[in-house]
Amino acid sequence: MGAIGVINTDERLKAPIADLKSTLDTAMDSMRKSVHDLYDESVDLRQALAKLKPTDSAFAFSLEYDCEDNLPRDVKYAFIAIAKEAVNNAVKHSNGDEIRIIVREHPAFYQLEIMDNGTSADERRLSGETGDGIGIKNIKERVAAIGGTMRIKADDGFMIFVTLMKK
């Protein structure tokens, strides 16, 4: 419609063409939003987390999932990003051979745990005190963005424990 409006020379058609273009633009924006919303709602957290299994390493991988499927979209995306970063960190930095992800839904909160059985964790680096640990910094930022809390344990393996209160 934009091209037709540009090549149109009939003054009587300028306003109707502009109105039609505006209506079509609004309709397309509405359709894009609907498709985007459908996609966001259709993200399966369990499947997305299962796909994080490292395929090019010797890590054994397990996923324990105890949640309803109707988690809020921002929680799904945050948990996926957090778990992805944690799994990548484990593969790069851990001397372990097992990664475990647990997602639980409780009456008042959601819980995400990512752990490995490695023994090479340096707590100062992992806490961000040394300026290194960009992955942990990214995880902390994502947890803060959704209003959650995070704990890191680096004894007897490495664990990131995220809690998010339900709204």
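For residues in region 112-132 being part of a loop (DSSP other than H, G, I, E, B) and under 23 Å from F61 (Cβ atoms), which is modelled with the highest pLDDT? That would be N117.
Taking the conditions exactly as written (modelled with pLDDT of 85 or more, more than 15 Å from M115 (Cα to Cα), of a type in the set (G, A, S) and loosely packed, with under 13 Cβ neighbours inside 10 Å), does A15 satisfy them or not?
Numbers: modelled with pLDDT of 85 or more: yes; more than 15 Å from M115 (Cα to Cα): yes; of a type in the set (G, A, S): yes; loosely packed, with under 13 Cβ neighbours inside 10 Å: yes.
Yes.
Kindly evaluate A58 against the criterion of being farther than 19 Å from I146 by Cβ, free of Cβ contacts under 8 Å to residues at least 24 places away in the same chain and either among the hydrophobic types (A, V, I, L, M, F, W, C) or assigned by the TED database to the domain that holds I160 (or both).
no
Just one of (1) part of a loop (DSSP other than H, G, I, E, B); (2) in contact (Cβ under 8 Å) with a residue 60 or more places away in the chain fails for I82. It is (1). Based on what the data block shows, is K92 buried (at least 17 other Cβ atoms within 10 Å of the Cβ) and of a type in the set (D, E, K, R)? No, not satisfied.
Return the residue satisfying two criteria in turn: it lies in region 133-161 and is farther than 20 Å from K76 by Cα and touching a residue at least 40 places away in the same chain (Cβ under 8 Å), and of such residues it is least open to solvent (accessible area, probe 1.4 Å).
Step by step, filter region 133-161, then rank; the result is G157.
Scanning region 95-103 finds no residues that are modelled with pLDDT under 90 and aliphatic (A, V, I, L, M).
The values are calculated or read from the model by the stated rules, or taken from the named source; none is laboratory data. This one's a predicted model, so the numbers in the text were calculated from it and none came from an experiment. Here the Cβ is made from the backbone with ideal geometry for all residues, glycine too, and neighbour counts use every protein chain on show. Heads up: the accessible areas ignore ligands, DNA and RNA and are worked out on the full protein's heavy atoms, side chains in. Shrake-Rupley method; radii C 1.70, N 1.55, O 1.52, S 1.80 Å.
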